[in-house]
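Colleague: Just dropping this structure here.
The values are calculated or read from the model by the stated rules, or taken from the named source; none is laboratory data. Note that the structure is a prediction, hence the values are computed from the model and not measured. Methodologically, a virtual Cβ is constructed for each residue, glycine included, from the backbone with ideal geometry; neighbour enumeration extends over all protein chains shown. Please note that ligands, DNA and RNA were not included when accessible areas were found on the heavy atoms of the full protein model with its side chains. Shrake-Rupley method; radii C 1.70, N 1.55, O 1.52, S 1.80 Å.
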Amino acid sequence: RKGLGWTYFKKGWPRLALEQFRNLNQFSSSWDEPYLGLGYSHLALGDFKRAEDAFQNYLKNTDSASGTKKPHEGERGLGELYATQGEFAKSIPLLERALKGKPNWIDAEQLLAWSYLKTGKTSEARDLFVKIQTARPIDTEAGLAWIALEADRFDEAEAGFAKALALLPAHAAALEGSALLRQRRYKTFDAAWGLYYAGKYKEAAD
């Protein structure tokens, strides 16, 4: 059941995975791994409260089944949960602890880089995006483009978002950044035309 659960989850079938992990949890409520599977399955289904409870239960039980503590797995899960909800400040310490338990964990580093970026920790974000560039080139392009955008380096940002979207046209962060870039780049230009059409020619010229 454990194998089926993770196979279903990795194939993108979280409801089927959830059924397997629930059965395992009923069989042994002190076994850590079913809680981890429950957490990710609930997260994939958008049930954030149950996902949080499952990850917390994993952390409580992670050393009881085999005697080997693996808190970084649960911390990474909670970090992703909070990042998904936009609570980036809450995700950062969890992801940092996860990486102490499992250094060079690409998935955790990617989540942490975006969390740094969203909380204004630009230099930390840049360092992580550069570090994961080989493994996560699309996120690196999009992340560095966001950093350029926040610094009003519009040409650099536009080029970065274009590269990311050429690799993955549906990349959410690159699409969001591109829309914001256009809004910022043409804000003054559009305002000038608004003044012109309102007959305020001197203000428009300025």
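Colleague: Out of the residues in segment 184-205 that are outside any helix (DSSP H, G or I) and at pLDDT 90 or above, state the one that is farthest from residue 154 (Cα to Cα).
Modeller: As a first pass, look at segment 184-205 and keep what is outside any helix (DSSP H, G or I): 186, 198-200.
Filter once more, so that each one left must be at pLDDT 90 or above: 198-200.
Working: 198: 29, 199: 30, 200: 28 Å.
Of everything passing the filter in segment 184-205, 199 is farthest from residue 154 (Cα to Cα).
Colleague: In segment 108-137, how many are surrounded by fewer than 17 Cβ atoms within 10 Å (Cβ to Cβ) and hydrophobic (A, V, I, L, M, F, W, C)?
Modeller: So the answer is 2.
Colleague: Name every residue in segment 133-160 that is within 17 Å of the chain's Cα centre (by Cα) and part of a helix (DSSP H, G or I), in order of residue number. Walk me through it before giving the result.
Modeller: First pass over segment 133-160, keeping only residues within 17 Å of the chain's Cα centre (by Cα): 133, 135-147.
Hits for segment 133-160 are 137, 138, 139, 140, 141, 142, 143, 144, 145, 146, 147.
Colleague: Hey, another quick one. All but one of (1) closer than 23 Å to residue 138 by Cβ; (2) assigned to a helix (DSSP H, G or I) hold for residue 104, so report the exception by its number.
Modeller: Failed condition: (2).
Colleague: Quick one: residue 159 ticks every box in (1) over 23 Å from residue 86 (Cβ atoms); (2) open to solvent by 70 Å² or more (accessible area, probe 1.4 Å) except a single one, so which number is it?
Modeller: Tallying (1) over 23 Å from residue 86 (Cβ atoms); (2) open to solvent by 70 Å² or more (accessible area, probe 1.4 Å), residue 159 fails exactly one: (2).
Colleague: Identify all residues within segment 1-56 that are outside any helix (DSSP H, G or I) and of a type in the set (A, V, I, L, M, F, W, C); write none if there are none.
Modeller: Taking segment 1-56 first, the residues outside any helix (DSSP H, G or I) are 1, 11-13, 28-31, 45-47.
Residues satisfying the conditions are 13, 31, 45.
Colleague: Since residue 172 meets every condition but one in (1) out of contact with any Lys or Arg (no Cβ under 9 Å at 6 or more places or on another chain); (2) among the hydrophobic types (A, V, I, L, M, F, W, C); (3) surrounded by 18 or more Cβ atoms within 10 Å (Cβ to Cβ); (4) closer than 19 Å to residue 125 by Cβ, which condition does it not meet?
Modeller: (3)
Colleague: Right, something else. Looking at segment 69-86, which of the residues that are touching a Ser or Thr at 6+ places or on another chain (Cβ under 9 Å) and either among the charged types (D, E, K, R) or without any contact (Cβ under 8 Å) to a residue 24 or more places away in the chain (or both) is least open to solvent (accessible area, probe 1.4 Å)?
Modeller: Among those that are touching a Ser or Thr at 6+ places or on another chain (Cβ under 9 Å) and either among the charged types (D, E, K, R) or without any contact (Cβ under 8 Å) to a residue 24 or more places away in the chain (or both), it is 82.
Colleague: Which pairs do you get when a residue that is among the polar types (S, T, N, Q), found in segment 126-146, comes within reach of a residue that is surrounded by fewer than 16 Cβ atoms within 10 Å (Cβ to Cβ), reach meaning Cβ atoms under 8 angstrom, with the pair 6+ apart or on two chains?
Modeller: 140/130; 140/133
Colleague: Ok, one more. Every residue in segment 13-26 that is free of Cβ contacts under 8 Å to residues at least 24 places away in the same chain and either among the hydroxyl-bearing types (Ser, Thr, Tyr) or open to solvent by 50 Å² or more (accessible area, probe 1.4 Å) (or both), please. Please lay out each step first, then the result.
Modeller: Start the filter on segment 13-26 by keeping residues that are free of Cβ contacts under 8 Å to residues at least 24 places away in the same chain, which leaves 13, 16, 19-26.
Selection gives 13, 16, 19, 22, 23, 26.
Colleague: Read through the list (1) of a type in the set (A, V, I, L, M, F, W, C); (2) surrounded by 15 or more Cβ atoms within 10 Å (Cβ to Cβ); (3) over 22 Å from residue 69 (Cα atoms), then give the number of the only condition that residue 45 fails.
Modeller: Status for residue 45: all satisfied but (2).
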